[in-house]
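The values are calculated or read from the model by the stated rules, or taken from the named source; none is laboratory data. Keep in mind that this is a model prediction, so the values were computed, not measured. Counting neighbours? That spans all protein chains shown, and the Cβs are built from the backbone with ideal geometry, glycine included. Ligands, DNA and RNA are excluded from the accessible area calculation, which covers all protein heavy atoms including side chains. Shrake-Rupley method; radii C 1.70, N 1.55, O 1.52, S 1.80 Å.
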Amino acid sequence: MKRVLTYGTFDLLHYGHIRLLKRAKEMGDYLIVALSTDEFNASKGKKAYHDYETRKKMLEAIRYVDLVIPESCWEQKADDVKNYFVDVVVMGDDWAGSDRFDYLKEICDLQFLSRTPGISTTKIKGDLNLSEQK
Ligand code: C2G
C-alpha cells in the first residue's frame, strides 16, 4: 500500500484543492492530509474563515481523503513521514524548491503538482468582498 501525505489549510474549499487531492490520491492508495490548525495558521499570520474542525469535516467528506491529521508546526513533517509510513509527500508547485519541504527528499519521495490557475481562497474572498460593495 503506497501512502501519500499532503499539507494545507484548505479554507473555503474550492476545485483547486479538490484537483490537488484527486491527483495526490492517484499517486498512491492511501491519502493523508495534514491540516493546518487554527493556532498554526495564526503563527503564519493567517486566519481561516472556517475553523479547524469544520475544515477537517469537509476534507473527510472528500472521497480521495483517507485520514486527516493536524499540522501544528513547520517542523513535524519528518516525524509525520516516519509515524505514518509515508512513501510520497505531494504539494502544489507553489512549494517547489521550498526549504520547508526539500529536506524531505532524504526520507521519502517528494512530488509537486501544478497549481490550478484562476482560483484561490484569497481570490474568493476578494471577489465576494467586491460583489458586496456593488
Ligand atoms: N492549490 C492548488 N491550486 C490552487 C490552490 C491551492 O493546487 N488554485 C494547492 C496548494 O498548492 C496546496 C494545497 O492546494 O498544495 C492547499 O492549499 P492551501 O490551503 O493554500 O495550503 P497552504 O496555505 O499552501 O499550506 O506546511 C505547508 C502548508 O500547510 C501549506
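For the chain, the 222 nm mean residue ellipticity estimated from helices alone, with every DSSP H stretch of n ≥ 4 adding -39500 (n - 2.57) and the total spread over all residues, rounds to -10000 deg cm²/dmol. Here LYS125 is the anchor, and the aspartates and glutamates within straight C-alpha reach of less than 19 Å, apart from those fewer than 8 places off in the same chain, are ASP11, ASP38, ASP51. Using a Gaussian network model of the chain in which every pair of alpha carbons under 10 angstrom is joined by a spring, one finds that among ASP109, ASP38, ASP11 the greatest mean-square fluctuation is at ASP109.
For ARG3, the accessible surface of its heavy atoms amounts to roughly 50 Å² (probe 1.4 Å, protein chains only, rounded to the nearest 10).
Over the residues of the chain, compute the C-alpha Rg and express it relative to 2.2 N^0.38 Å. Don't skip to the answer; put the middle values down first.
Numbers: Rg = 14.9 Å, N = 134, 2.2 N^0.38 = 14.1 Å.
Taking the Cα Rg and dividing by 2.2 N^0.38 Å, one obtains 1.05.
Ordering TYR49, TYR84 by accessible area with a probe of 1.4 Å, largest first, what comes out?
Values: TYR49 160, TYR84 70 Å².
So, going from the largest accessible area down, we get TYR49, TYR84.
Residues whose amide H lies under 5 Å from that of TYR30, counting only those 5 or more places away or on a different chain, are LYS2, VAL4; hydrogens are built 1.01 Å from N in the peptide plane.
Compute the relative contact order of the chain as a whole-number percentage, counting only Cα pairs closer than 8 Å that sit 6 or more residues apart in sequence. If you can, show how the numbers build up before the last one.
Working: 191 pairs, mean separation 39.4, N = 134.
Once normalised by length, the contact order is 29 percent.
Each of ASP127 and ASP94 was given a label point 7 Å from its Cα along the Cα-to-Cβ line. The distance between the two points is 1.5 nm. Of the whole protein surface, PHE10 contributes about 20 Å² of accessible area at a 1.4 Å probe radius. Overall shape of the range 83-133 was characterised from the C-alpha gyration tensor. The equivalent ellipsoid obtained from it has semi-axes of 33, 11, 9 Å, in decreasing order. The separation of the range 77-99 from the range 1-28, counted between C-alpha centres, amounts to 12 Å.
On a 29 Å Cα-Cα criterion, which of the cross-link pairs LYS82/LYS123; LYS57/LYS134; LYS46/LYS105; LYS22/LYS134 come out too long? Numbers along the way, then the final one.
Working: LYS82/LYS123 35 Å; LYS57/LYS134 33 Å; LYS46/LYS105 27 Å; LYS22/LYS134 36 Å.
Listed pairs above 29 Å: LYS82/LYS123; LYS57/LYS134; LYS22/LYS134.
The amide H of GLY92, built 1.01 Å from its N in the peptide plane, has LEU113 as neighbours under 5 Å, considering only residues 5 or more places off or on other chains. With the whole protein complex present, LYS82 retains an accessible surface near 120 Å², based on a 1.4 Å probe.
Calculate, in nm to one decimal, what TYR84 and LYS57 gain on full extension: separation in residues at 0.36 nm each, minus their alpha carbon distance.
Value of the extension gain: 7.7 nm.
For the pair GLU26 and THR116, the difference between a 0.36 nm per residue extended length and the Cα-Cα distance amounts to 30.8 nm.
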